[in-house]
1. Hey, does the stretch 40-51 have a residue that's at pLDDT 95 or above, within 16 Å of ligand 2 (Cβ to nearest atom) and farther than 16 Å from Asp290 by Cβ?
2. Here are some residues: Arg119, Arg87, Arg92. Which one is basic (Lys, Arg) and more than 26 Å from Val165 (Cβ to Cβ)?
3. Tally time: how many residues in the stretch 125-139 are away from ligand 2 (no atom under 13 Å from the Cβ) and in a strand (DSSP E or B)?
4. Looking at the stretch 214-224, which of its residues are away from ligand 2 (no atom under 16 Å from the Cβ) and closer than 22 Å to Asp168 by Cβ?
5. Looking only at the stretch 265-275, which residues are surrounded by 20 or more Cβ atoms within 10 Å (Cβ to Cβ) and within 14 Å of the chain's Cα centre (by Cα)?
6. Give the residue, chosen from Val296, Val375, Val353, that is at pLDDT 95 or above, closer than 21 Å to Ala226 by Cβ, surrounded by 16 or more Cβ atoms within 10 Å (Cβ to Cβ) and of a type in the set (A, V, I, L, M).
7. Name the residue that is farthest from ligand 1 (Cβ to nearest atom), counting only residues in the stretch 18-32 that are under 19 Å from Tyr292 (Cβ atoms) and crowded, with 21+ Cβ neighbours inside 10 Å.
8. Can you report the number of residues in the stretch 27-43 which are touching a residue at least 24 places away in the same chain (Cβ under 8 Å) and either basic (Lys, Arg) or not in a loop (DSSP other than H, G, I, E, B) (or both)?
Amino acid sequence: MNDSATLDDAASERAAYVHIPFCHRRCPYCDFAVVDLAEEQASFDRYVAAIEAEVSMEPEWLPLHAVNFGGGTPSILSPEQLGRILRSLDDRFGLLPGAEISIEANPEDWTEQHAAALRQIGINRVSLGVQSFDPQVLAKLGRVHDPAAAVASVRNAQRAGFNVVNLDLIFGTPGESVQSWHETVVAALDLATNHLSAYALTVELGTALSRAVRDGAPAPNEDDLADKYEHLVAAVGDRLAHYEVSNWADPGRECRYNLTTWAQGEYLGFGLGAHSHRDGVRTRNVRRLDGYLQRVERDVPPQAGREAPGQWDRERERVYLGLRRRAGVVAGAAGAALLGSATGQRLVSAGVVEVVEDRLVVARPLLTDAVAREVLALSPPHSAGNALSLSPGEC
Ligand SMILES: C[S@@+](CC[C@H](N)C(=O)[O-])C[C@H]1O[C@@H](n2cnc3c(N)ncnc32)[C@H](O)[C@@H]1O
Ligand code: SF4
């Protein structure tokens, strides 16, 4: 696949995201909506029942093309608990034949038996949080698994017959040498998975990493991140197709759920902190476990905020999201506004943005965020149709 038409088609697909927030302990760099089990007790069964209740509160919809269990650590739940959630989605909306059912997993939870049991309940894609094959880098990231556990988790997934096995990597951890990163990439490619995601380590506000950096610890270095990204692109070469800034896959094995979100398609989010995009309206759930449970158990929808973007905001968003894909995005009105601006012309003459037939393509993926910021700053060609209503609620 990987052709632009198929990427654009994902705009008409429907997906669901289910957030499973539990982690044995929070990693120092992570700012996702996480319940740290080292600090807070939680009943998995109570949370699963709340997700089922939230699913039954959602108005009916058409059948789903993709379901993504994200986290947190969804692989912490038992196959029986994950199966209950899948059944509730199937009963409420239907799952299309061949739907992508994906789960994020930590290598330390991913035994052969667990992998086989999750295949049995219909999960067909797994994303393993390997991060690095260097034990010193894993220790700096606060991860509990070692490289041998990462390799075993991949083999378990491959043996269990998952359609897609993805490895998540992080590059640019302070202290990680270029040689260490090179060896991680080689080890990942040697495992012959059919999907790879790699992210630059980001210092998120409010995390233990950001407090350490504030107190003088080294931060990820921009030049080092750029070198490592370029090294990665060259090392992957044509082993996997580069289809999004941070994602590579065999053709046809791209993540359908993510393709839907980048194509501005619609999805329902369940669980704490989950976001939804339905009928052009974006909503987000409360981020605290107690608030989420209390609301859902009283039959109150757990939304904390709602945005109904106007026409121009949606058009800018379409281009902003679509530019992440290596095949780019149909230029449309926002693309025309960018190309008509002095900044847009500079980006084209510097070779950062290319026009390929009717599409805008970022030719230098490292600069995608900078181009996206320019798109978000574009003024509407006419002043009408740009109302934004925002009604934040309790969080
Ligand atoms: C939120 S985690 C959830 C899956 C699983 N718990 C894990 O850690 O692999 C999903 C991915 O986000 C990425 N990630 C999380 N925080 C990050 C950060 N601050 N910088 C870069 N990548 C990050 C990691 O690669 C991780 O695999
Ligand atoms: S990176 Fe993954 S394992 Fe670590 S705290 Fe975040 S969600 Fe949990």
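The values are calculated or read from the model by the stated rules, or taken from the named source; none is laboratory data. What you see is a predicted model, and the numbers here were worked out from it, not measured in a lab. Heads up, the Cβs are rebuilt from the backbone with ideal geometry, glycines too, and the neighbour counts pull from every protein chain shown.
1. Checking the stretch 40-51: not a single residue is at pLDDT 95 or above, within 16 Å of ligand 2 (Cβ to nearest atom) and farther than 16 Å from Asp290 by Cβ.
2. Arg92
3. Number satisfying all stated conditions: 2.
4. Matches in the stretch 214-224: Ala219, Asn221, Glu222, Asp224.
5. Residues satisfying the conditions are Tyr267, Gly269, Gly273, Ala274.
6. None of the other options fit; the residue is Val353.
7. Val18
8. Going through the stretch 27-43 one residue at a time, the tally reaches 1.
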